[in-house]
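J.: So that we are looking at the same thing, I have put the structure below in structure tokens.
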Amino acid sequence: MRLASLGADVSFANIVVPTVDLVRLTSLADVLISQRRHVLFVGGAGTGKTAMVKEYLRNIEDNMMSATINMNYYTDSYSIQQQLEQPIDKRSGKTYGPPVAKKLIYFVDDLNMAQVETYGTQTPIELIRQHMDYSHWYDIGKLNLKTVIKCQYVSAMNPTAGSFLINPRLQRWFTAFGISAPNEASILTIFSTFLNGHFETYGFEKKITDLTEDIIKGTLAIHNAVAGTFRKVSERSVRAFWKTSILAMKCAKWLQTQWLHPLLS
């Protein structure tokens, strides 16, 4: 996305800034996916796992397609099987797969979020494991075997939400990458992109646009100073500033008030 297109009607969720870590992980994932390997990204909330994968899937080759599955506590094997079957067609006999000449990537987000049952199992990921192990699952109504071909998985999980671990028999299929919170250099790159694009969209004067780096560093300094004592409050303030207040800034006066209010309130 070009910086000049960051207008008020653009969702932050649709903006991906190519930092060093993002480019590195995307390149590694691309090599693995091209070799039909399954990939798993593990990291805390806000590290950009989902945004990175969705951006990658938006730019896959024409002979590939993707389907996104969002797991939650109430996802069970029946509901995930319905979602897995939506993008596939019957080929011949008991064989199913994506449309002819296509390969399918399932993106399973929050892989570990399903309820952990009494004996430690999570039924939806057991179905995924069965598919990875044997390339099939069973028709729920007719109980017939359904062979599902030309599919692979890319997943993301936050180990601090849901189960900390997943079934090792499933995990062994994945090449796993750990994603940490962005460092200060990456944060500066990301928010410089937001601010510069916003300033350009609304025609801010050069004396204001030259303050981009100072605004970001000042925000981070206040955030870091407060975070040790008021951790939840500070995180909420910064999130409110970057996701809401920045879109309301259309002149220098608004910039001053919108910057001070969430940080000092």
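The values are calculated or read from the model by the stated rules, or taken from the named source; none is laboratory data. Keep in mind that this is a model prediction, so the values were computed, not measured. As a convention, Cβ positions derive from the backbone with ideal geometry for all residues, glycine included, and neighbour counts pool all protein chains shown.
J.: Which residue pairs have Cβ atoms closer than 6 Å, lie 6 or more positions apart in sequence or on different chains, and pair a first residue in segment 46-64 that is more than 18 Å from Y153 (Cβ to Cβ) with a second residue that is of a type outside the set (S, T, N, Q) and outside any loop (DSSP other than H, G, I, E, B)?
T.: Correct list of pairs: T47/I179.
J.: Across segment 142-167, what is the total count of residues that are β-branched (V, I, T), touching a helix residue (DSSP H, G or I) at 6+ places or on another chain (Cβ under 7 Å) and at pLDDT 95 or above?
T.: Initially, segment 142-167 is screened for residues β-branched (V, I, T), giving 147-149, 154, 160, 166.
Imposing the further condition that a residue be touching a helix residue (DSSP H, G or I) at 6+ places or on another chain (Cβ under 7 Å) reduces the set to 148, 154, 166.
Adding the requirement that they be at pLDDT 95 or above leaves 148, 154.
Within segment 142-167, residues that are β-branched (V, I, T), touching a helix residue (DSSP H, G or I) at 6+ places or on another chain (Cβ under 7 Å) and at pLDDT 95 or above number 2.
J.: Being hydroxyl-bearing (S, T, Y), in contact (Cβ under 8 Å) with a residue 40 or more places away in the chain and not in a strand (DSSP E or B) is the filter here; which residues of segment 125-160 pass it?
T.: T160 - this is the single residue of segment 125-160 that is hydroxyl-bearing (S, T, Y), in contact (Cβ under 8 Å) with a residue 40 or more places away in the chain and not in a strand (DSSP E or B).
J.: Examine segment 39-55 for a residue that is closer than 23 Å to V148 by Cα, surrounded by 20 or more Cβ atoms within 10 Å (Cβ to Cβ) and touching a Ser or Thr at 6+ places or on another chain (Cβ under 8 Å), and state whether such a residue exists.
T.: For segment 39-55, residues closer than 23 Å to V148 by Cα, surrounded by 20 or more Cβ atoms within 10 Å (Cβ to Cβ) and touching a Ser or Thr at 6+ places or on another chain (Cβ under 8 Å): present.
J.: Find all pairs meeting these conditions: Cβ atoms under 6 angstrom apart; at least six residues apart or on different chains; first residue within segment 31-43 and farther than 13 Å from R172 by Cβ; second residue loosely packed, with under 15 Cβ neighbours inside 10 Å and not polar (S, T, N, Q).
T.: As it stands, the answer is V42/A176; V42/G178, since those pairs meet every condition given.
J.: May I pose another question? Picking from G162, G120, which residue would you name as being outside the structural domain of T212 (by TED's automatic domain parsing), at positive phi and more than 20 Å from the chain's Cα centre (by Cα)? Give the steps one after another, and end with the answer.
T.: Numbers: G162 fails: more than 20 Å from the chain's Cα centre (by Cα).
So the residue among G162, G120 that is outside the structural domain of T212 (by TED's automatic domain parsing), at positive phi and more than 20 Å from the chain's Cα centre (by Cα) is G120.
J.: Out of the residues in segment 12-67 meeting the condition of being among the small types (G, A, S) and under 18 Å from T193 (Cβ atoms), tell me which one is nearest to the chain's Cα centre (by Cα).
T.: Start the filter on segment 12-67 by keeping residues that are among the small types (G, A, S), which leaves 13, 27, 29, 34, 43-46, 48, 51, 66-67.
Checking which are under 18 Å from T193 (Cβ atoms) leaves us with 13, 46, 48, 51.
Values: A13: 9, G46: 9, G48: 5, A51: 4 Å.
In this case the residue turns out to be A51.
J.: All but one of (1) in a strand (DSSP E or B); (2) under 20 Å from the mean Cα position of the chain (by Cα); (3) not charged (D, E, K, R) hold for A181, so report the exception by its number.
T.: (1)
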